[in-house]
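Below is one structure, written out as structure tokens; comments come after it.
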Amino acid sequence: MARYAAPTMRSRAACLAGVMPTTAPAEFMTRPHGRACRESGISRSSRRITPLTDLRAPIEASMASFTLVLDLRGCIRSCSPAAAQLFGIRAAAAIGRPVRALIPELPLRDDTPGYNLAFVAFRFSADEWATFDGVDGTGRRFGIEISIAQMTLDGRFGLVLELRQSSAEGAAQSELRRLIAAAEFSTEAVLITDTDGLIEYVNPAFELMTGFAPDEVVGQTPRILKSGALGADFYAQMWSTLRSGQEFNDHFLNRRKGGETFYAQESIRPFVDRFGTIVHYVATLRDVTAQMRAYERLDYLANYDPLTDLPNRNLFLDRLHQEVARATRACQCFAVLFIDVDGFKAINDHFGHATGDALLRTVGEHLKRCIRAEDTVARLGGDEFVMILVDVTNPDGLASVIDKVRLVGKHIALDDGGAAVSLSIGVATFPDDGDEEHQLLKAADRAMYLAKASRHRGDTWAAHPVKDTHERYVEATTPGATASFR
């Protein structure tokens, strides 16, 4: 065992002894020896939220060393605060534990102290470091480098184990620090969370965009921005994508601190350590509210009538197509009503286009009140309106809606009281009058014109389109009255 007294090890132990007080090892650990012992500001325990804002401060890239004092059986006799923080545990909790609880692959056995001395003598020469995997208080593995030297204290042998972050682990932290440094000057909002989604860092642009200061969101989840517009399925898909290690990109409708909603194009990516384990999520947010509002306006103009705010022909045909498919699968009936304002051209010519537009808006508002939430009323163009009444299983229910439409004219009067407002109504039912969209619309339109023709006999009728005889008659002519539109 003469090799234990090799000059390099004796020299190293003497160096350690030279800075070591003659008190207990625990007191010795409160002072640096060998390499400088620096404390890290980064907690490795996911149970404790340490704001990543601390990483803004300059952190030396020269891997700070942390220290453990071991007896020859490999049990921890002293643990520096920095080493405890590295492993995410309390220093006092480490005392008496075998070092292999923190570094499982380190071959120091409690029943062979002689072997332990031999291993240190052969494996660690002066200034030599070896790479191992450490395990923190949550069970997460991370890379560390260690160097071990013999020491004597009051004539007893012991071991001093110095630790530093491995180059691979340090590279990940360096990348995170570079990301944060760049985010400080970015015009896009950046937030970083831990694996539980708790916010650890936000940049100045985040505060400008959302109104939330860093101290208001650190330790919170991004749900603080949630507007409620996106459903559970959306977030389930997001988390499924992220936890599989993939990047997630989409538009979010968020809410600012003041309550105002805004659209953000968000890119969220997992941040992994050298083992490929996800340790953070990094999100960037770009405010795209102006663009999304413009898209919404274009979508509105493509699908809605700007005069009445009702669905237009394009949206109506799409809903009719969907209802045909749904009713076919469910073996159900539904009805299509074609409605025309009689004498609209004469009203428009006599009272002017402003009055004609007001009349159309008023008719549209009253027609919306005649239907259920699942039904549709649309303006095809000009003075023509259409309805889709879903799940019409009871003829009396259909007749009730037609009666309401018939009474719409009673709520509308023209200024001079000399004109009467009447509606012509045509009805077609699925599948009796057609099992395709164009068949139903054509049948309802034909029925409407039959009803309009019957006005020459003094009434307006809704005629069943299949039979030439009028199976159901609904009077829709109402006398005028002196009043404005209401």
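Protection proxy ranking, highest mean first, for peptides 156-164, 116-124: 156-164, 116-124, where packing is the per-residue count of other beta-carbon atoms within 10 Å, averaged. Shape class of region 304-457 from the alpha-carbon gyration tensor: prolate, with a/c at 1.5 or above and a/b greater than b/c.
Residue-wise HN-Hα couplings along region 331-348, as the Karplus relation 6.51 cos²θ - 1.76 cosθ + 1.60 with θ = phi - 60° gives them from phi, are 6, 10, 9, 8, 10, 10, 10, 10, 10, 10, 7, 6, x, 5, 4, 5, 5, 5 Hz; Gly and Pro carry x. To the nearest 0.05, how large is the calculated FRET efficiency for ASP349 and ASP133 if R₀ is 60 Å and r is the Cβ-Cβ distance? FRET efficiency, ASP349 to ASP133: 0.10.
Given a Förster distance of 56 Å, report the FRET efficiency between ARG123 and LYS257 from their Cβ-Cβ distance, rounded to the nearest 0.05. Approximately 0.50, to the nearest 0.05. Amide hydrogen proximity for THR67: with H placed 1.01 Å from N in the peptide plane, the residues at 5 or more positions away or on another chain lying under 5 Å are SER80, ALA83, LEU163. The relative contact order of region 320-402, computed from alpha carbon pairs under 8 Å that lie at least 6 residues apart in sequence, is 41 percent.
Which whole-number percent is the relative contact order of region 304-457 (Cα, under 8 Å, 6+ apart)? For region 304-457, the relative contact order is 32 percent. By definition, a body whose alpha carbon gyration tensor gives a ≥ b ≥ c is oblate when a/c is 1.5 or more and a/b is not larger than b/c, and region 117-162 fits this oblate description. Residue-wise HN-Hα couplings along region 112-120, as the Karplus relation 6.51 cos²θ - 1.76 cosθ + 1.60 with θ = phi - 60° gives them from phi, are 9, x, x, 4, 4, 5, 5, 4, 5 Hz; Gly and Pro carry x. Between TYR235 and ASN394, the FRET efficiency estimated from the beta carbon spacing at R0 = 35 angstrom works out to 0.30.
Coupling constants for region 287-295 follow from the phi torsions by the Karplus curve (6.51 cos²θ - 1.76 cosθ + 1.60, θ = phi - 60°), and in residue order they are 6, 10, 4, 4, 5, 5, 5, 5, 4 Hz; glycine and proline get x. Put simply, the amide H of LEU310, placed in the peptide plane, has neighbours under 5 Å in ASP305, leaving out anything fewer than 5 places away on its chain. May I ask you to list the lysines whose Cα is less than 29 Å away from that of LYS452, ignoring any residue fewer than eight positions away on the same chain? Within the straight-line limit of under 29 Å, LYS452 reaches these lysines: LYS345, LYS368, LYS404, LYS410, LYS442, LYS467. If the chain linking GLN265 and LYS368 were pulled fully straight, counting 0.36 nm for each residue of separation and taking away their Cα-Cα distance, it would gain 33.5 nm.
Any read-out appearing in this document is the output of simple, stated calculations on the displayed coordinates, not a laboratory observation. Everything numeric here is computed off the predicted structure, so don't read it as measured data. All Cβ positions, glycine included, derive from the backbone under ideal geometry; neighbour counts span all protein chains shown.
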